[in-house]
1. Which of the residues that make up segment 352-368 are surrounded by fewer than 18 Cβ atoms within 10 Å (Cβ to Cβ), out of contact with any Gly (no Cβ under 6 Å at 6 or more places or on another chain), part of a loop (DSSP other than H, G, I, E, B) and of a type outside the set (D, E, K, R)?
2. In segment 140-171, how many residues are surrounded by 20 or more Cβ atoms within 10 Å (Cβ to Cβ) and over 25 Å from residue 254 (Cα atoms)?
3. Look at residue 408 and say whether it is modelled with pLDDT of 95 or more and buried (at least 24 other Cβ atoms within 10 Å of the Cβ).
4. Quick check: anything in segment 458-475 surrounded by fewer than 21 Cβ atoms within 10 Å (Cβ to Cβ) and of a type in the set (Ser, Thr, Tyr)?
5. Does segment 64-71 include one or more residues that are open to solvent by less than 20 Å² (accessible area, probe 1.4 Å) and either assigned to a loop (DSSP other than H, G, I, E, B) or within 19 Å of residue 181 (Cβ to Cβ) (or both)?
6. Do you know which residues across segment 551-590 are farther than 22 Å from residue 475 by Cα, at pLDDT below 75 and assigned to a helix (DSSP H, G or I)?
7. What strands (runs of 3 or more DSSP E) lie completely within segment 644-734 and have 1 or more residues being open to solvent by 10 Å² or more (accessible area, probe 1.4 Å), of a type in the set (A, V, I, L, M) and touching a residue at least 60 places away in the same chain (Cβ under 8 Å)?
8. In segment 311-336, how many are touching a residue at least 60 places away in the same chain (Cβ under 8 Å) and assigned to a strand (DSSP E or B)?
Amino acid sequence: MVAFVSAPICLAQSQTGWPVYNGGLDGDHYSKLTQINRDNVHLLQQAWSYDTGEQGAIQTNPLIVGRTLYAYTPKTEVIALDAVNGKLKWKFDSGIVAGQPARGVTYWNDGQRGRIYAGVMNFLFCLDAETGKVITSFGENGHIDLRKGLVIDGLKTDFSALSIALTTPGVIYKDMIIVGGREPEAHPAPPGYIQAFDLRTGQLRWVFHTIPLPGEPGYETWPKDAYKNAGAANNWTGMTLDAEHGILYAPTGSAVMDFYGGDRLGNDLYANSLLALDTKTGKRLWHFQGVHHDIWDRDFPSPPALFSVEHNGKRIDAIAQTTKQGYLYLFNRITGEPLFPIHELKYPPSTVPGELTSPTQPKPDAPEPYARQQLTEDTLTTRTPEAHDWAVKTFRTFRNGGQFYPFAVGQQTIILPGFDGGGEWGGPAIDPVHAVIYINATEMAWTGGLVPSKAGSPGEAVYQSQCAMCHGIDRAGAPPAFPSLVDIEKRMPADKVIDKIHQGVGRMPSFPNIEGKRLNALVSYLRSAGAAAPPKELQAAPAAESTAKTATDPAGAKAYSEECAACHGDHLEGVAPSPPLVGLGARMNAAQTTDIIQKGKNQMPAMDVKGSELEALLRFLAVAPAVKPQEANPEEWSNKYIFTGYRKFLDPDGYPAIAPPWGTLNAIDLKTGRYLWKVPLGNYPALAEKGMTNTGTENYGGPVVTASGVLFIGATVYDHKLRAFNTRDGKLLWQADLPFAGVATPSTYMIDGRQYVVIAASNARTPSAPQGGVYVAFALPDTSPK
């Protein structure tokens, strides 16, 4: 984490904390502090740092209350630091091995002592803020198990098999703490209910059913009795609160399975919705669904931010909600009325058997999207001629229809912005004085597709339903975000694999439901010989699925035997050093396979295979054209398809295959919806050394804005910088090196007349780089008498 200190100021500002996640209940990431300003920000120096001594991710936005900073370590231990010098005051270790993100804690004072409410996996702990000791009067000896509130009477009674992790801190209203949670993105997953608990006793006060029960509004948007097996529609991002009006705002994500909805036909309320709830009772006041029947993983990615603005001659209490697709929605937060018109636009239907997509999706008239919506050949990379040629050739193999273009069976579809946005969990910052919102966005194209679920063993069946979504149907993953599981037995013993399955790690949720025979079968499958990972230049290439049966295709078998078997084996198993061709259709399509066959690659010579012989060979290798669309039949086709895996569209050197910018910082006038400025955010050091600067990069974590007109942001994955921008024009005012990537939202505070800015730094998103977890703080030079 990094913090900043400044010169003396008036006594009225001598001590100002950061007592709530993202700065306040309104979620605006704004501080009234002015000591660090546009004129002196270039003088900032490191004030202190705290090395956790642990490896892993830190996404924490730390709280500062009084003279103490509260945060997490990579292992999800809660720490209290002296906010002036970074020295450790206490550490709480729950004893739970946790592998999930932890973005912050919650502070509350009961009138006598302060309390810290900290999520560790599926548990919410209550700690004494002064000592870090568990307050045993809360819940069951100091904690509550969030899984218990997700049990549906008479149905899902074994709560221990449910998976939920409190990755974002709860919101406090009077004597309640209200929480959501992160859940799996495939069946089985618990319902994503929002739960309110008594701050003193831990007793459940109310629950909002994001997947409605019979008789509740929204039940009709699902198939009959869907609540019995449907899952997610969860608030993983966190919430904001209008304490004056007693309204809680909770954005939700998609329902499972994220990419195929044959078993949840309908609009699926309240998935992908911004919910306005009565904080006292949990009753719905209004809602807006941003994606109907989501099959693109278009969760609302961050807590909304509250503000007030002049609109049509009236002062409006408003709310801003960012999205992965790059839309910014603005509403009257009391009534739910949009500030700018929202229209339902028509989109093409799905051709996947059993799938029925919504015929329309909403889009606001203003502001314009803050991320590109359509990819064309003209917007592909020109980093090098070779990279451009590769990108064009590969791009032509994809399906590409822009926003809300449905996936297909057997071919990859472009998703832009990608599955990580657009906007992400860091959320925006708002200057409430000038009514300007600041949003950092990633510009990265991804691809995705579907294949029929065809498992050859019980272990493969478990893998396809629980793991293939991220690690791919061939186990090759999409490193570094989604690691390859090929040859996992050579890198990790079986007991460690089981630990990862049950505890999760990083972006991977826990899977406590995988036990007994299913667990043994999965581990056996993972440790068995499988398809090799595709060559680097083909990792972003489309998958294809053939309906041909090799055993009944003698022409293909003959072509393979004559042309390929000597090197790749009689059963496609591969003869070293030639790779296996099992599952080739999951990694390459017909065009790419043909290119290698006819031109050769590495030690493989070119082969003179053409016409009907080539077509037969392609069928045998399972890279034939996609299956034809069929009439949808929800009963017959439910759960018949699996996602081929998350794939970034990267060039052979690992850089985005689209033209820069690859990450931006945007300023939008909330009164008019017009852009004030847009600048690239971040760079790739290796490219910058060659003169290719200001490309922008993927970014995670949000900005902080101060009353002095300075915006602080880390977020960039590769260059390890903390930056300060002029809020007026986007000019870079200052930057400092961090020990690792600052993929977290900073905090700013003042103690004894000195202003600090602090941020967490870790390298979990670049596992090949040196690892660690550090909090760093910056401040202006200390001019006080020694």
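The values are calculated or read from the model by the stated rules, or taken from the named source; none is laboratory data. The structure displayed is predicted, hence computed values, not measured ones. Quick reminder, even Gly has a Cβ in these numbers, built from the backbone with ideal geometry, and neighbours come from all protein chains shown. When the accessible area is computed, the model is the full protein with side chains, heavy atoms only, and any ligands, DNA or RNA have been set aside. Shrake-Rupley method; radii C 1.70, N 1.55, O 1.52, S 1.80 Å.
1. Residues satisfying the conditions are 356, 359.
2. Counting residues in segment 140-171 that are surrounded by 20 or more Cβ atoms within 10 Å (Cβ to Cβ) and over 25 Å from residue 254 (Cα atoms) gives 2.
3. Working: modelled with pLDDT of 95 or more: yes; buried (at least 24 other Cβ atoms within 10 Å of the Cβ): no.
So residue 408 fails the test.
4. Yes, segment 458-475 contains a residue that is surrounded by fewer than 21 Cβ atoms within 10 Å (Cβ to Cβ) and of a type in the set (Ser, Thr, Tyr).
5. Here is the first cut: in segment 64-71, the residues open to solvent by less than 20 Å² (accessible area, probe 1.4 Å) are 64, 68-71.
Then drop every residue that is not either assigned to a loop (DSSP other than H, G, I, E, B) or within 19 Å of residue 181 (Cβ to Cβ) (or both), which leaves none.
The answer is no, given that none of the residues of segment 64-71 is open to solvent by less than 20 Å² (accessible area, probe 1.4 Å) and either assigned to a loop (DSSP other than H, G, I, E, B) or within 19 Å of residue 181 (Cβ to Cβ) (or both).
6. Of the residues in segment 551-590, the ones farther than 22 Å from residue 475 by Cα are 551-567, 570.
Subset that is at pLDDT below 75: 551-553, 570.
Across segment 551-590, the qualifying residues are 551, 552.
7. On the way: elements: 663-669, 675-680, 704-706, 710-713, 721-726.
Because the criterion is at least 1 residues that are open to solvent by 10 Å² or more (accessible area, probe 1.4 Å), of a type in the set (A, V, I, L, M) and touching a residue at least 60 places away in the same chain (Cβ under 8 Å), the strands (runs of 3 or more DSSP E) in segment 644-734 that meet it are 675-680.
8. Qualifying residue count for the region: 9.
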